[in-house]
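Please read the structure below before turning to the comments.
None of the figures in this text is laboratory data; all of them are computed from the coordinates on show. Fair warning: this is a prediction, and the values are worked out from it, not measured in the lab. In this analysis, Cβ positions are derived from the backbone assuming ideal geometry, glycine residues included, and neighbour counts consider all displayed protein chains.
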C-alpha cells in the first residue's frame, strides 16, 4: 500500500508535467512540442537535438508512445527533455532517487530470517546499460539493484560480470550458478511460429520480468547504399544485416527478415558491426540507437552514416531467470514489485536520465 508521502510526491510530479513551459512553435529542447502531419520521432529529434537519436524523447513520453511509436498523430503533445535529460529547465536530476532512497532507509526493518543474497549476472561493454565503470554499473544494473530495495523488498544481492552473454543463457542461469541476468530482450512469444531457434528458446526456457526499458532499434547504412531509402521492411530484402552475437533478432524475424531473404552477420561486439558497415562488408547495421551513436562517435564517422528516419523497431528489455530455477518466479515477482514502484514514483526516469547524461559526458571527453 502506498504511503501518503508517496501519493503526495506523485501529485507533485504530475503537477510538474502539467506546468511545463509554453508549447514551442518549433522543436526545441526543454519544451513541449505539438506533432504536425509528417513528423517522425527522428525528424523531431533532429530539429531539437541535431541527431536522429530519439530515444530520450521516447523515454520521456513512454506512456503516450508505447502503443505505436512509428505513427505520430497530429496534435499529440510531446515533452522534449533538456539535453541532459531533465524534463524541465528547473528540475534537478537525481532528486527522486535521493528522496526514494532516504524514505527507504527511514522505514527499513531488518528480518531475523537469513536469506541468501540474490545473484545477478551481467556483462561489461554495453554502454550506457551495463558496465562496471559506470555509476552503479550502468542503467540496467542500477534498476536491478534499486528494485531489490523497493516495493517492500529488502533482500541482499550480489552483482557479477561475466563478459560472455551466451554463457548466461547456455550455462550460468540453467545451472543455478546465478539467479537473474541483466538484461535481455523479450521476443514476441505470441508469434512463436515466426521466431528463429534462439528467440523461440527464450520464450520456452526463460521467464521475464516486467519491461525495464524500451529501446529504439534503428537501421543505419552508408549514404549511397541502395538500402538508404528503404521505407518498408521488405525493402531490405537481399541485405547483409549486422547485429552482434546474443543481440535480439526477433523483431526482424516477425517482419519476415530471415535467411534467405536477408543474411545476418553476427560478430562478438557492436563496434565490430559499425566497423563492418564502414568497410562495406555489411549493408545495414541495426541496433539500439544509443549504441550505434556511441559506435559511430568512437569511429568519428557520424557524418558518414545515414540513419533511416522512417523505419525502426522497439524492443523491450527485461530481467531474466531460467524456468529450471525453483525460485526464479519468486525473484521475478520481487523485481516486478520494485519496477512498479520505480515507475510510479518517477525514479525509473531519473535513473535513465542520469545514466544517459553520464554516458553523454563520457563521450565528450
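Couple of notes before you dig in:
- Length-normalised contact order for the chain - Cα pairs under 8 Å, 6+ apart - percent: 22
- Global form of the range 214-316, assessed from the alpha-carbon gyration tensor, a/c cut-off 1.5: rounded
- Cβ crowding within 10 Å, taken as a proxy for footprinting-reagent exposure, orders 133, 237 from fewest neighbours to most as 133, 237.
- Estimated from the Cβ-Cβ distance and a Förster radius of 41 angstrom, the FRET efficiency linking residue 92 and residue 160 is about 0.80.
- A Förster radius of 35 Å, combined with the Cβ-Cβ distance separating residue 51 from residue 327, puts the computed FRET efficiency at roughly 0.20.
- Distance between modelled label sites at residue 361 and residue 300, nm, 7 Å Cα→Cβ extension: 2.5
- Prolate/oblate/rounded label for the range 270-357 (Cα gyration tensor, a/c 1.5): prolate
- Sequence-separation-based contact order of the range 214-316, relative, with Cα cut under 8 Å and 6+ spacing, percent: 47
- Length added when fully stretched, residue 261-residue 167, from 0.36 nm per residue minus Cα-Cα: 30.9 nm
- Peptides 149-159, 42-52 ordered by average Cβ neighbours within 10 Å, highest first: 42-52, 149-159
- Simple label model, 7 Å out from Cα along Cβ direction - residue 281 to residue 192, nm: 3.7
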